[in-house]
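The block underneath contains the structure these notes are about, expressed in structure tokens.
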């Protein structure tokens, strides 16, 4: 929360007691696990009676102390007491969720990046799951953009969770309504199914990978775990944080208090379990910084194996070589890169500057060449390559290749 401690009224003994008692009562009545709820409630009241909160000086500090007490009974990452400043009369709200929702348009409803990676692999960087009602049109546009790709990568490394957009997005990976999640409340169950209708293309048979980190949380884990258990995606990266319980927010304006309380238990229809505390365990473990390249490599390996013709296989193998070279770069140690510098054909020039090779074509901007192997380099995000024919320590010819199989051979111009 953005509230400064000075914005709240002084924390008197009476206000401390009222905050602790209201938290105790609400947790007892609402927290999903009744035995733990009772233990949490009793612990708070016991601490209040013994004076454990007597030296706490501000409402935000009391909220922190109360949260620590609750989580000492059960370390539920979704359980939290927060200091909350009620909005002015007639004004908007200023709670945790309200602030996040107000930023959705600015953040493109958390759809941060779309890209077609090498080998025609679709990439989506999603930082959260807003409501389907708010973010549905953006989700549909994103999936339409990815319509012609051969595999999908969902990057959830920075996804902190959210709302029911998670089930809308899952729906694009199935061709019919599929039971993906059950929320078990104290007095009833709610099943979550993928949608019977989505706007735009579906991808029921497209290889799909989810990239995770230790920061992936809540709805981000819901997407990852439930699709993994259904055999629909491969998870690549780090184990996630481990928060599986749907929550509800409770506000008490007179106490400057907001409580986030888990009110349901998540259950997968296949495992009949969830990811609470353990996190989602990746199928392929990789450090977060490396996980995207690892997932891209695994997707391309599968696409190469499934290629139906030689041209498609060549195209995918090209991409796979480039991705592998990023993970284990070729070291051109001891090679005098200056030997490649010069003019080729009528419009291509290779310059050696500050230890790197730069290619210009027809006066256009310079592309930096990255070595792939001896005398071979790539540029333009890996979509183009050049190789040099070297005779007696001097490059005599440049061969220009594109990912689509085009080739041009250019003799070195006389100097």
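The values are calculated or read from the model by the stated rules, or taken from the named source; none is laboratory data. Here the structure is a predicted model, which is why all the values come from computation and not from measurement. Heads up, the Cβs are rebuilt from the backbone with ideal geometry, glycines too, and the neighbour counts pull from every protein chain shown.
Brief remarks on what is shown
- Flag for residue 369 being surrounded by 15 or more Cβ atoms within 10 Å (Cβ to Cβ) and within 22 Å of residue 410 (Cα to Cα): yes
- For the range 222-257, residues that are part of a helix (DSSP H, G or I) and either surrounded by fewer than 24 Cβ atoms within 10 Å (Cβ to Cβ) or touching a strand residue (DSSP E or B) at 6+ places or on another chain (Cβ under 8 Å) (or both) total 10.
- Meets criteria (under 21 Å from the mean Cα position of the chain (by Cα) and without any contact (Cβ under 8 Å) to a residue 40 or more places away in the chain) for residue 172: yes
- Output for the range 326-341, where each listed residue is part of a helix (DSSP H, G or I) and more than 35 Å from the chain's Cα centre (by Cα): 337, 338, 339, 340
- Pair list, Cβ < 7 Å and 6+ apart or interchain, from the range 184-209 residues that are not assigned by TED's automatic domain parsing to the domain that holds residue 166 and assigned to a loop (DSSP other than H, G, I, E, B) to residues that are modelled with pLDDT of 95 or more and loosely packed, with under 14 Cβ neighbours inside 10 Å: none
- Of all the listed residues (269, 282), the sole one being modelled with pLDDT of 95 or more, surrounded by fewer than 19 Cβ atoms within 10 Å (Cβ to Cβ) and touching a strand residue (DSSP E or B) at 6+ places or on another chain (Cβ under 8 Å) is 269.
- Residue satisfying condition, being more than 30 Å from residue 381 (Cα to Cα) and free of Cβ contacts under 8 Å to residues at least 60 places away in the same chain, within set 114, 103, 79: 103
- Test result for residue 166, more than 30 Å from residue 203 (Cα to Cα), touching a strand residue (DSSP E or B) at 6+ places or on another chain (Cβ under 6 Å) and not in a loop (DSSP other than H, G, I, E, B): no
- Residue within the range 384-391 that is at pLDDT 95 or above, touching a strand residue (DSSP E or B) at 6+ places or on another chain (Cβ under 7 Å) and closer than 21 Å to residue 151 by Cβ present: no
- Of all the listed residues (63, 52, 81), the sole one being at pLDDT 95 or above, assigned to a helix (DSSP H, G or I) and more than 30 Å from residue 299 (Cα to Cα) is 63.
- When the range 396-408 is filtered for residues that are over 16 Å from residue 360 (Cβ atoms), surrounded by 12 or more Cβ atoms within 10 Å (Cβ to Cβ) and either touching a residue at least 24 places away in the same chain (Cβ under 8 Å) or assigned by TED's automatic domain parsing to the domain that holds residue 121 (or both), the ones remaining, listed by number, are 397, 403.
- Residue, nearest to residue 381 (Cα to Cα), within the range 342-369, restricted to residues that are assigned to a strand (DSSP E or B) and in contact with a helix residue (DSSP H, G or I) (Cβ under 9 Å, 6 or more places away or on another chain): 369
- The condition of being in contact with a helix residue (DSSP H, G or I) (Cβ under 9 Å, 6 or more places away or on another chain) and within 15 Å of residue 252 (Cα to Cα) holds for only one of 40, 82, that being 82.
- Once the range 195-221 is narrowed to residues that are surrounded by fewer than 22 Cβ atoms within 10 Å (Cβ to Cβ) and touching a strand residue (DSSP E or B) at 6+ places or on another chain (Cβ under 8 Å), the residue that is nearest to residue 246 (Cα to Cα) is 208.
- Selection status of residue 106, surrounded by fewer than 20 Cβ atoms within 10 Å (Cβ to Cβ) and modelled with pLDDT of 95 or more: no
- Search result, residues across the range 29-49 that are within 29 Å of residue 101 (Cβ to Cβ) and either outside any helix (DSSP H, G or I) or without any contact (Cβ under 8 Å) to a residue 24 or more places away in the chain (or both): 29, 31, 32, 33, 37
- Every residue from the range 389-411 that is within 18 Å of residue 322 (Cβ to Cβ) and in a strand (DSSP E or B): 399, 400, 401, 402, 407
- Matching entry among 111, 174 (being in the same structural domain as residue 275 (by TED's automatic domain parsing), modelled with pLDDT of 95 or more and over 21 Å from residue 293 (Cα atoms)): 174
- Hey, residue 40 modelled with pLDDT under 95 and buried (at least 17 other Cβ atoms within 10 Å of the Cβ) or not: no
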